[in-house]
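Chemist: Next up is a structure, given as structure tokens.
The values are calculated or read from the model by the stated rules, or taken from the named source; none is laboratory data. Computed from a predicted structure; not experimentally measured. Neighbour counts run over all protein chains shown; Cβ positions are idealised from the backbone, glycine included. SASA here: full protein model, heavy atoms, side chains in, ligands and nucleic acids out. Shrake-Rupley method; radii C 1.70, N 1.55, O 1.52, S 1.80 Å.
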Amino acid sequence: ICIKGNAHVTAAGAEGAAIGGGASGGNSITITDHAVVDAYGAWGSAIGDGGLYSGNGSATTITISGNATVHAETSQAGSAIGAGQHGDSGDLTINIEENANVTAIGSYDGPAIGNRYGTDGTTTINITGGTVTAIGGKSTVSYWNGNCYKDLTSAIGGSYNYGNSDSVQDVTVNI
């Protein structure tokens, strides 16, 4: 998917990404030039991968560059830019470059930019230019079956481990 030039795009999605694909990953998304994008996702990401189920391990790359302006927002636990509710089991790379202006708002326990749940692949986020405003979802503490589960959410990076303190996301953030 390539959104470029002076394009103005408004997209909304539920379970699948608003801009991107389903849970299987394998997406390549570029937003560049003077494009203006408003994307809203539920369960799936606003920009990136969808939704309710883990993917098959295909890599996804998202690049926002040039003078693009992006507002991405999600509800129901997906990442605004990145992977949906259950993440993608493949590698995820997000690049924000040049003079891009990006606002990303996560929800529930999903990061604004990154991978909410995936622990099988790597997540690499490169912010080498532009202006980025990222607001992550809320962190949660819950008690179930006599156990305390803490799920900490970042604005940029990873988050959710579904109460499994032994699971670790492989996340690298370069700013």
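Chemist: Given segment 7-50, what strands (runs of 3 or more DSSP E) lie entirely inside it while holding 2 or more residues that are open to solvent by 20 Å² or more (accessible area, probe 1.4 Å) and more than 19 Å from Ala100 (Cα to Cα)?
Modeler: Fully inside segment 7-50 and qualifying: 8-14.
Chemist: If we scan segment 128-139, do we find a residue that is surrounded by fewer than 16 Cβ atoms within 10 Å (Cβ to Cβ), outside any loop (DSSP other than H, G, I, E, B) and either touching a Leu at 6+ places or on another chain (Cβ under 9 Å) or at pLDDT below 85 (or both)?
Modeler: Looking for residues that are surrounded by fewer than 16 Cβ atoms within 10 Å (Cβ to Cβ), outside any loop (DSSP other than H, G, I, E, B) and either touching a Leu at 6+ places or on another chain (Cβ under 9 Å) or at pLDDT below 85 (or both), one finds none in segment 128-139, hence no.
Chemist: Where residues in segment 98-110 are in contact with a strand residue (DSSP E or B) (Cβ under 7 Å, 6 or more places away or on another chain) and either assigned to a strand (DSSP E or B) or at pLDDT below 85 (or both), which of them is most open to solvent (accessible area, probe 1.4 Å)?
Modeler: Ranking the candidates gives Asn101 first.
Chemist: A further question on this structure: Among the candidates Thr61, Thr123, Thr74, single out the residue that is modelled with pLDDT of 80 or more, in a strand (DSSP E or B) and open to solvent by 40 Å² or more (accessible area, probe 1.4 Å).
Modeler: Thr61
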